[in-house]
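The values are calculated or read from the model by the stated rules, or taken from the named source; none is laboratory data. As the structure is a prediction and not an experimental result, all values here were calculated from the model. Because the Cβ atoms are built from the backbone with ideal geometry, glycine has one as well, and the counts that use them run over all protein chains shown.
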Amino acid sequence: MTASYQVRGPVAVITLNNPPVNGLGLATRQAVAAAIEQAEADAAVQALVITGAGAAFSGGADIKEFGSPKALAEPNLLSLVLLVEACAKPVVAAIHTVCMGGGLELALACHYRIAAAGTKVALPEVKLGLLPGAGGTQRLPRALGVEPALNMIVSGEPVLSELLAQVPGQQLFHRMAKGDLLEEALAFAAEVAQQRPLPRVRDLKAQLTDPQVDPQAYFQFARNMVGAQSRNFPAPLRCLEAVAASVTMKFDDGIRAEREGFAALMMTPESKALRHAFFAERAASKIADVPSDTPLRKIERVAVIGAGTMGGGISMNFLNAGIPVIILETQQDALDRGLATIRKNYEAQVKKGKLKEDKFQQRMGLLSSTLNYADIAQADLVIEAVFEEMGVKEAVFKQLDAVMKPGAILASNTSTLDINTIAQFTQRPQDVLGLHFFSPANVMKLLEVVRGAATAKDVLATVMALAKKIRKTAVVSGVCDGFIGNRMIEQYFRQAGFLLDEGCSPSQVDRALEKFGFAMGPFRMSDLAGNDISWAIRKRRYQEQPGLRYSASADRLCELGRFGQKTQAGWYDYIEGKREALPSAVVADMLAQHRSALGISARSISDDEIVQRLVFALVNEGARLLEEGIAQRASDVDMVYLTGYGFPLWRGGPMCYADTVGLFNVLQAMKRFAKNPLDDAKFWEPAPLLARLVAEGGSFTG
Ligand code: NAD
């Protein structure tokens, strides 16, 4: 049963029961509708209470039904809300723990509401590029007041019930429960059983806090603010217009305006992208052949090898989650430097007020260090973050194999080296895998979990669960050079290089990509990461694949010692202590000489071409990764790019974006690029999966 019905004295209690959060799926809606009818028909019932079983009143729409015909099937949420509101007997909502989206809209249709303290109350639809579509934009401003309702609807953020109860004049919560919510709701229902007419939120007037303020002027001000903050997302402004309708229109007209806004937003690519990202994140945590009930290994102590840039950041993730960390280095001075950096990072957070002093002390108290492998032997998980050289990794993993307790998980943070080779340095390859964090490792959401040929399923299940604990988005990758993210970015950088050869400046390329929505264009990104790092990788990679074409301009840059921000000179000039990238005359000269050495005369290239060449380079390589089984699903590729590479969220990731453009159009563009003699025809050979999808009229993300 997705909702239960029980009569207690004169009151019928309808309890939503659809774990985990009492989502209002079709079966639940049907059960509630039937229960209301039953209560109305029963002469002994004088009032109703609606509440939720378990850890929620209701979290809103059932995400399992999202986008399916079931979501709209009658009674849909809007019909259910009307049914509750029209009930001839008083209906009391008994709200606790979580009351969000459709759950709040249902509660707003009840005649009375009693809430437990600590309830998270929200209308989060805006986060999926939508607006609340079952009367939320019309009823919340009437019940709570226009300004607080607008804040909640435009931000989608939860607010605690006890704070909402303090809003002057609010009619959202008639009472706050002092003890047992259900008992108090029953008493409340009995008390109001004979009250007529029944109070309905729709009959209230939506008002501004200060009646002197002209609503027109207020909404114009709000429009400017919201518009400026949500440039690439249409939903917040649509939410605002719907709330404005609650003031300027009659209730039923406002509901119609809300419906129109909802339907229009549902069709926008931005909402599609946000919904795609929402489901992609959930899908990424699942591994096809690893059952969800796989027993997990306990991770109570973590060791990190190497206290450099990555080792420090990685350690902080675990400290933040309350898991003790021991860091191992070979040299005391390197260890001291690493520990000092961690301390400095935390101190900066304390200074900015982002971390409380006691929390800081607590975290530092969980951190210890050593120069001796024997001290880390009892750790449940060890993550290696030493120099990127196979010889160094070999020495470390042989040591780990010798000392670590049986069952410990041995992970490498390598960016490019073969996890299967690393696993073979041990007698326990089943316990070895890659945990590829991104820099800065304490900030970036992405964690690529690199599955070796021998990695055990319970090891994978354990790290996927651990990733959630340390608030990372984990995406599984098979073993290949660069894994998912860096293998794709390599192609993106190759195209960026060809664009320089043909006549672009680094800033033109960066500007085009940043206008498209990337957090940072490729050349600013290279300067930040260090051009010397990619130089070293290129030397190895292009030695291994001598026929591979690339622009040597990046090599010329490194030969000038321009390694990026760390040398205050890279693709751009930098002023010491500042991050601002200034166009460089030296680089412009270098590029001009480089072109003339190649006999190329620069041409003017449009921003559209720049964006297409770089983004479709990602798409084509993403398709190859899918075909090879390195990535499990297209949405995983998108998650990697959304959480690790600053791909614009409102475009949903490269594969989702390609679907939006249309795979036929992507392929046509690639054929055009292949004809450019200064580009690389081989580069643009379509991945077989892409060609097949175009032939079948298919798409990556379905
Ligand atoms: P780093 O040079 O900042 O740090 C490496 C640390 O390892 C140094 O402190 C060094 O003293 C220590 N070390 C070296 N050999 C050791 C040994 N045998 N035993 C113990 N400690 C030893 O390097 P980093 O940038 O932190 O990179 C570390 C690893 O992380 C590399 O495999 C790299 O490819 C990978 N990685 C780096 C980044 C990045 O952006 N920097 C991103 C992802 C992955």
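Per-structure values
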read-out: Options Lys89, Lys70, Lys64, Lys127; residue that is under 30 Å from Gln229 (Cα atoms) and basic (Lys, Arg); value: Lys127
read-out: Subset of segment 257-275 (residues that are acidic (Asp, Glu) and closer than 22 Å to Ser635 by Cα); value: Glu270
read-out: Tabulated pairs, segment 364-390, first among the polar types (S, T, N, Q), second in a strand (DSSP E or B) and within 10 Å of the ligand (Cβ to nearest atom), C-beta under 9 angstrom, 6+ apart or interchain; value: Ser368/Ile327; Ser369/Ile327; Ser369/Leu328; Thr370/Ile327; Thr370/Leu328; Asn372/Leu328
read-out: Qualifying residue in segment 446-453 (condition: away from the ligand (no atom under 16 Å from the Cβ) and in contact with a Pro (Cβ under 6 Å, 6 or more places away or on another chain)); value: no
read-out: Residue match in segment 74-83 (condition: in the same structural domain as Leu163 (by TED's automatic domain parsing), crowded, with 17+ Cβ neighbours inside 10 Å and hydroxyl-bearing (Ser, Thr, Tyr)); value: no
read-out: Boolean, Ala529 is out of contact with any His (no Cβ under 6 Å at 6 or more places or on another chain) and modelled with pLDDT of 95 or more; value: no
read-out: When residues of segment 270-323 are limited to those that are touching a strand residue (DSSP E or B) at 6+ places or on another chain (Cβ under 6 Å), within 16 Å of the ligand (Cβ to nearest atom) and of a type in the set (Val, Ile, Thr), the one farthest from Asp431 (Cα to Cα); value: Ile314
read-out: Residue match in segment 421-435 (condition: modelled with pLDDT of 95 or more, part of a loop (DSSP other than H, G, I, E, B) and within 8 Å of the ligand (Cβ to nearest atom)); value: no
read-out: Hits in segment 448-469 (condition: surrounded by fewer than 19 Cβ atoms within 10 Å (Cβ to Cβ) and touching a helix residue (DSSP H, G or I) at 6+ places or on another chain (Cβ under 6 Å)); value: Ala453, Ala454
read-out: Selected residue (criterion: surrounded by the fewest Cβ atoms within 10 Å (Cβ to Cβ)) from residues of segment 9-68 that are of a type in the set (D, E, K, R) and at pLDDT below 95; value: Lys64
read-out: Segment 379-396, residues that are near the ligand (Cβ under 8 Å from one of its atoms) and either at pLDDT below 95 or part of a helix (DSSP H, G or I) (or both); value: Phe387, Glu388, Val392, Lys393, Ala395, Val396
read-out: Hits in segment 327-355 - residues which are over 29 Å from the mean Cα position of the chain (by Cα) and among the aliphatic types (A, V, I, L, M); value: Ile327, Leu328, Ala334, Leu335, Leu339, Ala340
read-out: Segment 290-315, subset touching a helix residue (DSSP H, G or I) at 6+ places or on another chain (Cβ under 7 Å) and over 15 Å from Leu335 (Cα atoms), residue surrounded by the most Cβ atoms within 10 Å (Cβ to Cβ); value: Val302
read-out: Segment 343-372, residues that are within 15 Å of the ligand (Cβ to nearest atom) and either in contact with a strand residue (DSSP E or B) (Cβ under 7 Å, 6 or more places away or on another chain) or outside any helix (DSSP H, G or I) (or both); value: Ser369, Thr370, Leu371, Asn372
read-out: Members of segment 404-415 found to be buried (at least 17 other Cβ atoms within 10 Å of the Cβ) and either over 17 Å from Ala453 (Cα atoms) or within 13 Å of the ligand (Cβ to nearest atom) (or both), listed by number; value: Met404, Ala408, Ala411, Ser412, Asn413, Thr414, Ser415
read-out: Some residue of segment 584-596 being in the same structural domain as Arg538 (by TED's automatic domain parsing), assigned to a loop (DSSP other than H, G, I, E, B) and either of a type outside the set (S, T, N, Q) or farther than 16 Å from Ala496 by Cα (or both); value: yes
read-out: Qualifying helices (runs of 4 or more DSSP H) (wholly inside segment 14-104; at least 3 residues being over 30 Å from the mean Cα position of the chain (by Cα)); value: 26-41, 77-85
read-out: Hey, Phe57 aromatic (Phe, Trp, Tyr) and in contact with a strand residue (DSSP E or B) (Cβ under 9 Å, 6 or more places away or on another chain) or not; value: yes
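Here is a yes/no grid of residues against (1) in contact with a Leu (Cβ under 9 Å, 6 or more places away or on another chain); (2) closer than 22 Å to Gly644 by Cα; (3) of a type outside the set (D, E, K, R):
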residue	(1), (2), (3)
Phe498	yes, no, yes
Phe523	yes, yes, yes
Lys539	no, no, no
Gln545	no, no, yes
Ala554	yes, no, yes
Cys558	no, no, yes
Gly561	no, no, yes
Tyr572	yes, no, yes
